[in-house]
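To start, the structure under review is shown below, and the notes come after it.
The values are calculated or read from the model by the stated rules, or taken from the named source; none is laboratory data. Keep in mind that this is a model prediction, so the values were computed, not measured. We place every Cβ from the backbone using ideal geometry, glycine too, and count neighbours over all the protein chains shown. Ligands, DNA and RNA are stripped out before the accessible areas are found, and what is left, the full protein with its side chains, is counted by its heavy atoms. Shrake-Rupley method; radii C 1.70, N 1.55, O 1.52, S 1.80 Å.
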Amino acid sequence: MKVVALASVVACVSAFAPAARPSTSVKMQGVKENVAALALASTAVLSPMAAFAADISNGATIFAGNCAACHAGGNNVIQTEKTLRKDALDQYLEGGRKESSVVTQVTNGKNAMPAFGGRLSDEEIGDVAAYVIDQANGDKWDE
């Protein structure tokens, strides 16, 4: 996805760059405008997909190394009622049971939970969030 976005940006920049020769034909200018429009459109269409490109398998690995000490099996060793299961996420997670809420919690921390924003990349946090929501929605914590 990052390559597609980068290619789109390069196409936009090159389409709007000044022409090497001042005698650019009207037809060539139209082609440049079409390339720029296509690049912008592809970026707009493909950017939302990047939000869904989280790697659940990688999230499981990161979870095991950073979260499992307190949240093994979807539990919570500090506040036992605030587990990572559906009902608890619905009740206690600010913003409700969705990846963006988990991202906010993991990034910023809250109460006894430390912030991982400085320790994990945004992509890693997104992967962990996808893993947590996948586990909760599929009732997989007890497997």
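A quick yes/no check of all residues on (1) under 19 Å from Glu143 (Cα atoms); (2) aliphatic (A, V, I, L, M); (3) in a helix (DSSP H, G or I):
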| position | (1), (2), (3) |
| --- | --- |
| Ile62 | yes, yes, yes |
| Cys70 | yes, no, yes |
| Glu81 | no, no, no |
| Gln91 | no, no, yes |
| Glu94 | no, no, no |
| Arg97 | no, no, no |
| Val103 | no, yes, yes |
| Phe116 | no, no, no |
| Arg119 | no, no, no |
*Is it fair to say Glu143 is open to solvent by 60 Å² or more (accessible area, probe 1.4 Å) and not in a helix (DSSP H, G or I)?*
yes
_When residues of segment 94-115 are limited to those that are of a type outside the set (D, E, K, R) and under 15 Å from Ala130 (Cβ atoms), the one surrounded by the fewest Cβ atoms within 10 Å (Cβ to Cβ)_ = Ser100
*Subset of segment 116-140 (residues that are more than 16 Å from the chain's Cα centre (by Cα) and open to solvent by less than 20 Å² (accessible area, probe 1.4 Å))*: Ala136
